[in-house]
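Chemist: The structure that follows is given in the form of structure tokens.
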Amino acid sequence: PYFGCITGRYCNRIANGKFLLEGKEYQLAKNNGPHHLHGGNVGFDKVVWQAKEIRRDNAVGLELTRRSPDGEEGYPGNLDVTVRYLVTDNAELVIEYEATTDKTTHVNLTNHTYFNLGGIKGGTILDHELQLWAGSITPTDETLIPTGKIQPVKGTPFDFTASKPIGQDIARTGGNPSGYDINYVIDRQDGPGLPRAAKVRDPKSGRTLEVSTSEPGVQLYTGNFLDGSIVGKGGVAYQKHFGFCLETQHFPDSPNQPDFPTTALKPGQRYHSKTVYRFGTSK
Ligand code: GLA
């Protein structure tokens, strides 16, 4: 289920695991029916990274580095990746991602943490109140591949522009298994600071989580595939909807969608992405 991991080289799906890049067709590993998901059979979540401690004025953390070799899971180019996790004095978890390549490739990195603001024994997250700074989604077909459209959420169960419980309209989302598993297009926000993507509040504990990001999209995934077969901390079996993910990202299947922001990275360019998870409390 990708609990807590770095997801890459390309998080989310690439249709049929294929793309055309600079005139050459690449075939990636197919690990999700006919499609490529979260980097393939051995994605960035299933490898050992080099780790070192980092200390900054207001933060401590971990710097993870790794070279993803040319051809890994079918991707072109040696990709040198750095991911930094920082815990700040401001109750934030900051994740910074950087990458460079020696051949043009596609990169899309995220973190796949499942949150439950009620704690390990919190049950489902259906009562958590969610607000998203996103007026549209990239709708998908039944295999979760984007159709290429950008669709306003107004008047649909996908509308979180005003805060509402995650479970309020979840029965009307469709899909198999049912629940939210969709990429939101984050609203353009001018002004200083990272754009806001989401705010979540657990009404029982009053705990809050705010997410801001440099990425254009965020996948809202409500743990639809969890079925109780995995037992975690405190002997708790993770049932459907026991956690939610807010995976900041470029849009799924961008390599095959010319109208989506590009995920191509060329030699000499530097991939950079930053997401801040800020924790708090409110009555
Ligand atoms: C992402 C996908 C989901 C699912 C989970 C992992 O969030 O969008 O469809 O694959 O990862 O279970």
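Chemist: May I ask you to list pairs of residues, at least six apart or on different chains, whose Cβ atoms are under 8 Å apart, with the first in the range 3-19 being in a strand (DSSP E or B) and the second being of a type in the set (Gly, Ala, Ser) and at pLDDT 95 or above?
Modeler: From the range 3-19, the pairs are Thr7/Gly39; Thr7/Gly43; Tyr10/Gly39.
Chemist: Looking at Gly155, Gly118, Gly135, Gly148 in this structure, which one is within 22 Å of Lys204 (Cα to Cα) and more than 16 Å from the ligand (Cβ to nearest atom)?
Modeler: On inspection, the qualifying residue turns out to be Gly118.
Chemist: Continuing with the same structure: Would you mention how many residues in the range 187-215 are farther than 22 Å from Ile166 by Cα and crowded, with 20+ Cβ neighbours inside 10 Å?
Modeler: The total comes to 1.
Chemist: Under 8 Å by Cβ, and 6 or more places apart or on different chains, what pairs join a residue from the range 112-130 that is of a type in the set (Asp, Glu) with one that is part of a strand (DSSP E or B) and surrounded by fewer than 17 Cβ atoms within 10 Å (Cβ to Cβ)?
Modeler: Listed by first residue and then by second, the contacts come to Asp127/Pro165; Glu129/Lys164; Glu129/Pro165.
Chemist: Related question: Those residues that are surrounded by fewer than 17 Cβ atoms within 10 Å (Cβ to Cβ) and β-branched (Val, Ile, Thr), I need them from the range 83-124; list them, please.
Modeler: Within the range 83-124, Val87, Thr88, Thr104, Ile120 meet the criteria.
Chemist: Taking Thr138 as meeting all but one of (1) among the hydroxyl-bearing types (Ser, Thr, Tyr); (2) without any contact (Cβ under 8 Å) to a residue 60 or more places away in the chain; (3) in contact with a Phe, Trp or Tyr (Cβ under 7 Å, 6 or more places away or on another chain); (4) under 13 Å from Val218 (Cα atoms), write down the number of the exception.
Modeler: (2)
Chemist: Could you go through the range 173-186 and let me know if any residue there is surrounded by fewer than 16 Cβ atoms within 10 Å (Cβ to Cβ), away from the ligand (no atom under 12 Å from the Cβ) and farther than 18 Å from Thr143 by Cα.
Modeler: Checked against the condition, which is being surrounded by fewer than 16 Cβ atoms within 10 Å (Cβ to Cβ), away from the ligand (no atom under 12 Å from the Cβ) and farther than 18 Å from Thr143 by Cα, the range 173-186 yields no hits at all.
Chemist: Just the residues that are surrounded by fewer than 19 Cβ atoms within 10 Å (Cβ to Cβ), closer than 26 Å to Tyr75 by Cα and touching a residue at least 12 places away in the same chain (Cβ under 8 Å), please, taken from the range 143-153.
Modeler: Answer for the range 143-153, where residues must be surrounded by fewer than 19 Cβ atoms within 10 Å (Cβ to Cβ), closer than 26 Å to Tyr75 by Cα and touching a residue at least 12 places away in the same chain (Cβ under 8 Å): Thr143, Gly148.
The values are calculated or read from the model by the stated rules, or taken from the named source; none is laboratory data. These numbers come from a predicted model, not from an experiment. Note that we place each Cβ from the backbone using ideal geometry, even for glycine, and neighbour counts take in every protein chain shown.
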